[in-house]
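J.: Before anything else, here's the structure in question.
Every read-out reported here was derived from the displayed coordinates using simple, explicitly stated rules and does not represent laboratory data. No experiment lies behind these values; they were computed from the predicted model shown. Neighbour counts are summed over all protein chains in view; Cβ atoms, including those assigned to glycine, are modelled from backbone coordinates with ideal geometry.
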Amino acid sequence: MIRFKSKWPVFACCLLFSVSCNSDEDCDPAPYDCIEYKPEEGNLIIEVTLDNLNSAVPVVIYHGDIEDEQVVLVDTIDTDTGESWLANDDYSVTAEYRLLKNSQEMTVYVVEGGNLDATSTEYCEGDCYEEGVLTLDVTLDPYLF
């Protein structure tokens, strides 16, 4: 059996273990603007190409896959990006473009989809959420035509 002449080594060991195992020091405090609940909606951003033939681009937003034909919104975008505030879920977008190829006018559709959902970050006090942002790029690829 080991006997210590003083109780300080035992006290120092106990103090060392209690401080080193404190999980509160392994996390960051939540920011002052923390949103403690998961937002149910987010921002869908649609990027389009504007040019001489397409000064405005017709777009259709679908809930889920396009094949399900659940149209959420039909709109025309006349700037480089359009935005819509929607419930968190899966979305698809089509953009309709007019093109000239060999002096023939043709219609081309660009399709993109993704999931709109909130994001979270863990802090000492719990999770903080940020509203989701989904950017769908339905711009024309100039190298395809």
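J.: List the residues whose amide H sits under 5 Å from the amide H of residue 70, counting only those 5 or more places along or on another chain, with H placed 1.01 Å from N in the peptide plane.
T.: Correct list: 63.
J.: Amide H to amide H, which residues 5 or more places from residue 116 or on other chains are under 5 Å from it, using H placed in the peptide plane?
T.: Here 89, 90, 91 satisfy the definition.
J.: Something else about it: If the label point is 7 Å along Cα→Cβ of residue 47, which residues in the stretch 105-145 have backbone nitrogen under 11 Å from it?
T.: 135-140
J.: May I ask you to evaluate 6.51 cos²θ - 1.76 cosθ + 1.60, the Karplus curve with θ = phi - 60°, for each residue of the stretch 33-47 and list the ³J(HN,Hα) values in order in whole Hz, giving x for glycine and proline?
T.: 9, 4, 9, 8, 10, 7, x, 8, 10, x, 10, 9, 10, 10, 9
J.: Between residue 28 and residue 85, what's the calculated FRET efficiency when r is the beta-carbon distance and R0 is 25 Å? Round to 0.05.
T.: Once rounded, the FRET efficiency stands at 0.25.
J.: Moving to a separate point now. Taking every DSSP beta bridge that has both residues in the stretch 26-137, what percent is antiparallel when rounded to the nearest 5?
T.: Numbers: 37 of 43 bridges.
Just about 85 percent of them are antiparallel.
J.: At 7 Å along Cα-to-Cβ for each site, give me the label-to-label distance between residue 36 and residue 129 in nm.
T.: The modelled label-to-label distance comes out at 1.3 nm.
J.: Additional query: What chymotrypsin sites (Phe, Trp or Tyr not before Pro) does the stretch 22-99 have in DSSP loop regions with at most 16 other beta carbons within 10 Å?
T.: 32, 37
J.: Mean separation of Cα pairs under 8 Å and 6+ residues apart, divided by the residue count of the stretch 26-137: what relative contact order is that in percent?
T.: 36
J.: Something else: So what's the gap between the Cα centers of the stretch 26-45 and the stretch 61-90, to the nearest angstrom?
T.: 24
J.: In nm, to one decimal, how far is the residue 63 label point from the residue 107 one, both placed 7 Å along Cα→Cβ?
T.: According to this spin-label approximation, the distance is 2.5 nm.
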